[in-house]
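What follows is a short report on a single structure.
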Amino acid sequence: MTTGGDVAGSAPEDGTDLGAVVLRPVRGQHAFEACVEQLGTAIRLGVYPRDTVLPAERELAERMGVSRATLREAIAALRTAGVVETKRGRGGGTVVRLRPTVPRRGAPAQVAARRSAWLDVLDFRRIVEPGAAELAASRDLTQTQRQRLVQAHEAVAAASAPAAHRQADSRFHLTIAAITGSPSVVEAVTSVQAGVHEMLSAIPVLGTNIDHSDAQHAGICAAVLDGEGSRARRLMEAHCDDTAALLRGLLF
């Protein structure tokens, strides 16, 4: 079993801890709902994979700017939905139980209802993620950040099951956002990846597309590590365009 420390660590500020940067202080008066949304999205995108132990309640409450009572209510809602399980006693904690989504063909009614929102996500992604890649490449990355990016890329290439590959893909893009050091970029990419995840989960798994995507990831990763911002942006733009073309062809 993976521990919360393996994924969340001690909340470093260098962007290597996805949990620390994806989860953010909630806004507005609906703290309970916002906590459920943020935690559920982080779990669905693989920031906290199945069998991962979530960070301690105190740490999560501090990250999200809520009381521990509110956080407990949010975790209870996720537990009721079967997303997590709480183990008591020594060595216990809140364990992720959600199985990664297996991509499948979406129902026509679902696609029709989401068409406008999904097309907007694709447009927004074309602006946000290339900029994130260029910004990441401009940073003076630490050795830890470089290792995390390489590991995120290798995890995508090594994932054989479609559902595991989908989550690893999201983690790769979130890792690029995280090493920019910009909370606004992380928030935008997290939102985009949630939408892309939903769309890709509604189409069949295509081996040719996965191979092509993995090759593009390799190029993006190399450009960021080499500090070549223009190349990183250009490669990410091509990646976003190809994914959008596939989705428009299969969904719309």
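Just a few scattered comments:
- Residue match in segment 10-32 (condition: among the hydroxyl-bearing types (Ser, Thr, Tyr), in a loop (DSSP other than H, G, I, E, B), open to solvent by 50 Å² or more (accessible area, probe 1.4 Å) and at pLDDT below 90): yes
- Annotation note: Cβ proximity below 6 Å between a residue of segment 216-232 that is under 20 Å from Thr243 (Cα atoms) and a residue that is surrounded by 18 or more Cβ atoms within 10 Å (Cβ to Cβ) and of a type in the set (Asp, Glu) (sequence gap 6+ or interchain) occurs for Ala232/Glu134.
- Among residues of segment 202-252, those that are of a type in the set (S, T, N, Q), under 17 Å from Ile127 (Cβ atoms) and out of contact with any Ser or Thr (no Cβ under 8 Å at 6 or more places or on another chain), counted: 1
- Test for Thr175: is it within 17 Å of Pro130 (Cβ to Cβ) and either β-branched (Val, Ile, Thr) or at pLDDT below 95 (or both): yes
- Yes/no for Arg72 being open to solvent by 50 Å² or more (accessible area, probe 1.4 Å), at pLDDT below 95, under 20 Å from the mean Cα position of the chain (by Cα) and basic (Lys, Arg): no
- Selection from segment 189-245 of residues that are surrounded by fewer than 18 Cβ atoms within 10 Å (Cβ to Cβ), polar (S, T, N, Q) and closer than 17 Å to Ala136 by Cα: Gln216, Ser230
- Number of positions in segment 217-249 that are assigned to a helix (DSSP H, G or I) and either within 18 Å of Leu135 (Cα to Cα) or aromatic (Phe, Trp, Tyr) (or both): 21
The values are calculated or read from the model by the stated rules, or taken from the named source; none is laboratory data. Note that this is a predicted model, so its numbers are computed, not measured. In this analysis, Cβ positions are derived from the backbone assuming ideal geometry, glycine residues included, and neighbour counts consider all displayed protein chains. Protein only, heavy atoms only, side chains kept; ligands, DNA and RNA dropped before computing areas. Shrake-Rupley method; radii C 1.70, N 1.55, O 1.52, S 1.80 Å.
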